[in-house]
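The values are calculated or read from the model by the stated rules, or taken from the named source; none is laboratory data. Note that the structure is predicted; figures quoted are calculated from it, not measured. Ideal geometry is used to build each Cβ from the backbone, glycine not excepted, and the neighbour counts take in all protein chains shown.
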Amino acid sequence: MTTRRDWLLQQLGITQWTLRRPAVLRGEVAIILPGRVRLLLVADVAPPLDHPLVADVARSMALTPAQLYVVTPLQAMMLPDNVHCHCWWLGLDALREFKGISFHTPPLAALSGDAGAKRELWRRISDDEYYTITAAD
């Protein structure tokens with residue numbers, strides 16, 4: 001059913017446009033990951049990629065800093081469903097699953113000082129063949 005306004009605009013030859021992505025006006029912008037990304041770091045506060053622990057984790061997975069990507073939890077929720085990368089949730093429980101393994105740890109500041117949490121992280125990265133993460137994944 002057309003409204004009077006729509007009918008009048010049509011009579012005047014005015015084409016009405018509709019937004020393809022109205023969520024953009026509300027600040028919701030879909031994030032597109034570069035193809036080189038192998039490990040997604042999700043945290044409320046972006047960890048520095050040159051932090052020694054982050055660099056060690058990347059090195060242990062045979063990843064370069066260019067293959068890491070940091071997003072906020074809100075941005076992670078807006079990623080497309082077909083994202084294929086591993087995900088490291090820092091200080092957060094996993095809010096969604098990606099095509100790859102997902103693991104969570106305490107926030108980076110707490111993780112740096114917690115030997116037990118670091119041990120669990122290293123175990124998760126290196127022990128089981130299923131959890132092996134490499135640059136080729």
**Request:** Can you work out which of the residues in segment 43-60 that are within 13 Å of Leu121 (Cβ to Cβ) and not hydrophobic (A, V, I, L, M, F, W, C) is modelled with the highest pLDDT?
**Result:** Asp56
**Request:** Restricting attention to segment 100-137, report how many residues are at pLDDT 80 or above, over 20 Å from Arg59 (Cβ atoms) and surrounded by fewer than 12 Cβ atoms within 10 Å (Cβ to Cβ).
**Result:** 2
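If I go through segment 34-55 residue by residue, how many of them are of a type outside the set (A, V, I, L, M) and surrounded by fewer than 13 Cβ atoms within 10 Å (Cβ to Cβ)?
At the first step, the residues of segment 34-55 found to be of a type outside the set (A, V, I, L, M) are 34-36, 38, 44, 47-48, 50-52.
Checking which are surrounded by fewer than 13 Cβ atoms within 10 Å (Cβ to Cβ) leaves us with 34-35, 44, 48, 50, 52.
Looking only at that region, the number is 6.
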**Asked** Quick one: how many residues across segment 84-98 are buried (at least 18 other Cβ atoms within 10 Å of the Cβ) and under 11 Å from the mean Cα position of the chain (by Cα)?
**Response** 6
**Asked** Could you give every pair whose Cβ atoms fall below 9 Å, whose first residue belongs to segment 103-123 and is among the hydroxyl-bearing types (Ser, Thr, Tyr), and whose second residue is loosely packed, with under 12 Cβ neighbours inside 10 Å and at pLDDT 85 or above, counting only separations of at least 6 or pairs across chains?
**Response** Ser112/Pro52
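Within segment 40-76, count every residue that is in a strand (DSSP E or B) and more than 13 Å from the chain's Cα centre (by Cα).
Step one: list which residues in segment 40-76 are in a strand (DSSP E or B), which gives 40-42, 68-71.
When the remaining residues are screened for being more than 13 Å from the chain's Cα centre (by Cα), the result is none.
Residues meeting the conditions: 0.
Considering only segment 56-79, how many residues are of a type in the set (Ser, Thr, Tyr) and buried (at least 17 other Cβ atoms within 10 Å of the Cβ)?
Step one: list which residues in segment 56-79 are of a type in the set (Ser, Thr, Tyr), which gives 60, 64, 69, 72.
Imposing the further condition that a residue be buried (at least 17 other Cβ atoms within 10 Å of the Cβ) reduces the set to 69.
Number satisfying all stated conditions: 1.
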**Message:** Conditions first: (1) surrounded by 13 or more Cβ atoms within 10 Å (Cβ to Cβ); (2) in a loop (DSSP other than H, G, I, E, B). Gly13 passes all but one, so which condition is the exception?
**Reply:** (1)
